[in-house]
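In what follows, a structure is listed as structure tokens, so that the remarks can point back to it.
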Amino acid sequence: MILHYQPEKCTGCHLCELACSGYKEGVFNPALARLQVSSGYKGDNLVNEARLCEKCFQCAGACPSGAIVSNQGRLSLITDDCVQCGACIEVCPTAVLQPDGRGFPLLCDYCQGDPYCVKWCPHGALSLREVE
């Protein structure tokens, strides 16, 4: 399963980021979300873009301590094993992987199959899809 983003449906409201950070971190802080939406105007047109985890697992491969693991296609972090080196963050091809305030990477696990970003997107710009 991967997150699918449809920019033509996105209004740039950032509710997905707030839902993610609220559910995962207990605070409404877009900087702590596991996805990032940027909005801006090009001429008269609003242009929205999203950075999402594509489940390429490069972060897990780059982790020198094996702290990032894949379980049934979902990433998880074993914090006791994480050395907070940032190697996972450096290799993320979408640059969505960021550290939390303690130096641990904020991994997207799709909220164990029921992603809050998808649930709270009022325009259906996000969906969870099977990988082809």
Every residue from the stretch 10-35 that is assigned to a helix (DSSP H, G or I) and polar (S, T, N, Q): 21
Against the conditions (1) surrounded by fewer than 18 Cβ atoms within 10 Å (Cβ to Cβ); (2) β-branched (Val, Ile, Thr); (3) more than 12 Å from the chain's Cα centre (by Cα), where does residue 68 fall short? Just the number, please. (1)
Lone unmet requirement of (1) over 30 Å from residue 8 (Cβ atoms); (2) aliphatic (A, V, I, L, M); (3) buried (at least 17 other Cβ atoms within 10 Å of the Cβ) for residue 78: (3)
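Look through the stretch 46-75, keep the residues that are in a strand (DSSP E or B) and aliphatic (A, V, I, L, M), and return whichever of them is modelled with the lowest pLDDT.
46
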How many residues are surrounded by 16 or more Cβ atoms within 10 Å (Cβ to Cβ), among the hydroxyl-bearing types (Ser, Thr, Tyr) and in contact (Cβ under 8 Å) with a residue 24 or more places away in the chain if we restrict to the stretch 1-53? 2
Would you mention how many residues in the stretch 92-120 are closer than 25 Å to residue 130 by Cβ and surrounded by 13 or more Cβ atoms within 10 Å (Cβ to Cβ)? 16
Would it be correct to say that residue 60 is of a type in the set (A, V, I, L, M) and surrounded by 12 or more Cβ atoms within 10 Å (Cβ to Cβ)? yes
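The values are calculated or read from the model by the stated rules, or taken from the named source; none is laboratory data. Model, not experiment: these values are computed from the prediction. Don't worry about glycine lacking a Cβ; one is built from the backbone with ideal geometry, like all the others, and counts go over all protein chains shown.
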